[in-house]
1. Can you give me the number of residues within region 61-107 that are closer than 18 Å to PHE1 by Cβ and touching a helix residue (DSSP H, G or I) at 6+ places or on another chain (Cβ under 7 Å)?
2. Does region 74-115 hold any residues that are closer than 13 Å to GLY37 by Cβ and of a type in the set (Lys, Arg), and which are they?
3. Has region 21-44 got at least one residue that is among the aromatic types (Phe, Trp, Tyr), under 17 Å from LYS80 (Cα atoms) and not in a strand (DSSP E or B)?
4. Which numbered condition in (1) closer than 12 Å to ILE25 by Cβ; (2) in a helix (DSSP H, G or I); (3) hydroxyl-bearing (Ser, Thr, Tyr) is the only one that SER109 fails?
5. Within region 9-68, restricting attention to residues that are within 23 Å of GLU110 (Cβ to Cβ), open to solvent by 30 Å² or more (accessible area, probe 1.4 Å) and small (Gly, Ala, Ser), which residue is modelled with the lowest pLDDT?
6. Return the residues of region 80-105 that are closer than 25 Å to PRO50 by Cβ, at pLDDT 95 or above and buried (at least 18 other Cβ atoms within 10 Å of the Cβ); say none if nothing qualifies.
7. Which condition number does ALA117 fail, the rest of (1) farther than 15 Å from MET5 by Cβ; (2) within 15 Å of the chain's Cα centre (by Cα); (3) outside any loop (DSSP other than H, G, I, E, B); (4) of a type in the set (A, V, I, L, M) being met?
8. Looking only at region 4-20, which residues are farther than 16 Å from ILE41 by Cα and part of a loop (DSSP other than H, G, I, E, B)?
Amino acid sequence: FLMQMNADNGIIPKPGDSSRNKYFIVLGKLKDGSVFGGVIINSIINQNIPAGRQRLMMPIKCSKYAFLEHDSYVDCSSLKTAKPEKYNEWQYKGKVSDEDVDLITGTLSESDYEDKAKLKMFGINEK
């Protein structure tokens, strides 16, 4: 989904902006459906974040996903959240392959920046 995200979603907008449009890959939701958990796609790797987080950016190719304008990176360092009441404002752009979802969730579950209990709450990697 393409959606407008801000600090409430764990996104830091650029100076002077209150939000940013981001691609959000939904990976799970709370049991009551009140919050979706997922990851975002970044155009580039932010060189100002710690090297450990930079290593958790998974390349994703525009040749595989038509909704991307250029090769990008999935931020697998931590789970972002979004509330479904904004769902009607989201723009569905396409489905990420099951193989890539497995790579994303596997990388996310290995991240030192994410709490394993939080992943479990969203039904991620409950195998």
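1. The qualifying residues number 6.
2. Within region 74-115, LYS80, LYS83 meet the criteria.
3. The answer is no; no qualifying residue exists.
4. Here SER109 clears every test but (1).
5. GLY10
6. ILE104, THR105
7. Among (1) farther than 15 Å from MET5 by Cβ; (2) within 15 Å of the chain's Cα centre (by Cα); (3) outside any loop (DSSP other than H, G, I, E, B); (4) of a type in the set (A, V, I, L, M), ALA117 violates only (2).
8. PRO15, GLY16, ASP17, SER18
The values are calculated or read from the model by the stated rules, or taken from the named source; none is laboratory data. The structure displayed is predicted, hence computed values, not measured ones. As a convention, Cβ positions derive from the backbone with ideal geometry for all residues, glycine included, and neighbour counts pool all protein chains shown. SASA here: full protein model, heavy atoms, side chains in, ligands and nucleic acids out. Shrake-Rupley method; radii C 1.70, N 1.55, O 1.52, S 1.80 Å.
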